[in-house]
1. Quick check: anything in the range B:96-112 touching a Ser or Thr at 6+ places or on another chain (Cβ under 8 Å) and farther than 24 Å from residue B:50 by Cα?
2. Looking at A:260, A:231, can you tell me which residue is crowded, with 20+ Cβ neighbours inside 10 Å and more than 14 Å from chain B (Cβ to nearest Cβ)?
3. Take the range B:33-47 and flag every residue that is small (Gly, Ala, Ser) and either crowded, with 17+ Cβ neighbours inside 10 Å or within 14 Å of chain A (Cβ to nearest Cβ) (or both).
4. Would you pick out the residues in the range B:53-82 that are closer than 21 Å to residue B:143 by Cβ and out of contact with any strand residue (DSSP E or B) (no Cβ under 9 Å at 6 or more places or on another chain)?
5. Scan the range A:211-222 and tell me whether some residue there is assigned to a loop (DSSP other than H, G, I, E, B), crowded, with 18+ Cβ neighbours inside 10 Å and within 12 Å of another protein chain (Cβ to nearest Cβ).
6. Going by what's in this entry, would residue A:189 be described as free of Cβ contacts under 8 Å to residues at least 12 places away in the same chain, more than 30 Å from residue A:130 (Cβ to Cβ) and of a type in the set (Asp, Glu)?
7. From the residues in the range B:258-301 that are surrounded by fewer than 12 Cβ atoms within 10 Å (Cβ to Cβ) and polar (S, T, N, Q), which one is modelled with the lowest pLDDT?
8. Sort through B:146, B:129, B:150 and tell me the only one that's within 11 Å of chain A (Cβ to nearest Cβ), assigned to a loop (DSSP other than H, G, I, E, B) and among the charged types (D, E, K, R).
Amino acid sequence: MAVVAQSSRFSKLFWPVLAWTVALVFFFPIFWLIFTSFKTDADAVKPDHLIFFKPTLENYINMTENYDYWRFAINSVITSTFATVLALVVGVPAAYAMAFNPTRHTKDVLLWMLSTKMLPAAAVLYPMTFLTKNFLDIYDTHFLVILVLCLINLPIVIWMLFTYFKEIPKEIIEAGKMDGVSTWGEIKDILIPLAWGGVASTALLCFIFCWNEAYWTVRLTTTEASTLSKLIEGNRAPEGLFFGRLSAVSTAAVAPIIVLGWFCQKQLVQGLTFGAVK
Amino acid sequence: MAGLTIRDARKAYGETQVIHGIDLDIADGDFVVFVGPSGCGKSTLLRMIAGLEEVTSGDISIGDRVVNDVAPADRGVAMVFQTYALYPHMTVYKNMAFGLIQAKTPKDEIDRRVREAAKILDIENYLERTPRALSGGQRQRVAIGRAIVREPDVFLFDEPLSNLDAALRGQTRLEIARLHQRLKTTIVYVTHDQVEAMTLADKIVVLRDGLIEQYGAPMELYENPANKFVAEFIGSPSMNFFEASQEKGGFSIGGKKVSVKLSQEVNAIDIGIRPEHLKQTTKQKAVLSGTLDVVEQLGDHVLAHLVTGQGNEFIAKFETLGDIKLGDTLHFDATKENIHFFDKTSGARLV
């Protein structure tokens, strides 16, 4: 904040320039990706066609016609949506219980949940593959992807909701009890309407995390339940250096989520700062 | 309508006991005020009656029914919270109707009760607003309205005035008194403000450290406090206390003798005299003398802060000071019934 207080010409120029530089550095790969997606595979690797080239939609047409983009996209939408809904269905009551009826162990449970995020995913790759493929026979199903996406995001969902619910005065919930509201009624008629912004931010963030998830969606699917992450992965190695095509696939995979994020910027910022900004 | 009975009620959080066995009988229609310093357990006790805190042991009965295991909404009580605790996303009307909707009351009955309560509380014009658009005083009325529409056997008020400014507090206090006269429903009211307790209560419960120090009508507590704690807590400004040394046939404060015969033999006592009971007198008749130190002008009366020769500070209440100046030595007397004696070690009142 001290930066704001100074008004020398140097700081007036320096900070915006720095901010833009950082922003451009971060944005550059995306920019490069979109740029390359309009080049032919041949142009994509030619240094003299770096900026000046003949734009083409060939990659996009190819992608939709030969690589079944829409099936992957629909899978992404289905799995992300259902995983988010499921995470909220489990997370809202859990966070409610911890926020309004805490016990001595509530803090421990919260930390324990977070600690599951510290476990390297690779460590359980073998058991997960074995169990789902040979034992439960749910490998490469929508059900599995939804379940896994829900579970890996559940800790963060519960943490966020817990933080939002904590801000609601306990007395309002107690007033509900005096008025004879059932537990479900408290959640439906009091808690969710009051924490609506927080629930929406949480859902949005969870959806984005689900959409972007790659480690498990790539490894636990083959074709049926594969998401856009798998489509990108599938276009990467096997047929050599098809950068134009790969870029088109990647652009088409990240575009929906970037657009979604753009429209929900305000909610997202609120969500990511965990309710610190009110 | 119903009374309230509490039998040996205790409350513990883990190992820590906060309510140590309360016995209390509240008659139907009484306005009872729980008063005490913060941490005395008054709010906890109220919340136990409401059903928001579990009773660790003992019984709480409303009417003839033990309600220990009855859900808050089914106890026939309604609560007004200190922070109002209105539902911010509902209109005033919905706030008041919400409990009745939960109880599946017919719509026209809900409407009748809400409009009647709104009329009593003078909030008819705000029914379609949300709490956000109301002032503190109006919110408090809505909170009271929410309790009224449920037509409870017992109203519970948890420090309802402490979030209001001074002027509004006085006004709302009067309205609560009127409301009680009108509805004649049992009220249990928690406050830390002894003025609220004195003005509102039919009976006051003075609590300290999870125990009842005294239970009685306001004037009973004022005139015959059971112990030094109650004597100090009730009355404003507080009662003056003086260390007294035993003498033949009585006690003396700084060489001035107070003759009294105590029923018990005690070693050391405190003598208590309220500021309003100190009357100026001559040096010969005085039981107490002090030098005028500070003067507080309060318009209709004056509070004189004095110091005895032994350095004991006390307050005397005057209508007017006349030509008395700072530094003057004043002499006081008090009638026998206005001089209180307390055991120095136990604090108990001695007669």
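The values are calculated or read from the model by the stated rules, or taken from the named source; none is laboratory data. Keep in mind it's a predicted model, so treat the numbers as computed, not measured. Backbone-built Cβ (ideal geometry, glycine too); neighbour counts: all protein chains shown.
1. no
2. Numbers: A:260 fails: crowded, with 20+ Cβ neighbours inside 10 Å.
Residue meeting the stated conditions: A:231.
3. Residues of the range B:33-47 small (Gly, Ala, Ser): B:36, B:38-39, B:41, B:43.
Selection gives B:36, B:41, B:43.
4. B:71, B:73, B:74
5. No.
6. Spelling it out, it is not the case that residue A:189 is free of Cβ contacts under 8 Å to residues at least 12 places away in the same chain, more than 30 Å from residue A:130 (Cβ to Cβ) and of a type in the set (Asp, Glu).
7. B:263
8. Only one candidate passes the filter, namely B:150.
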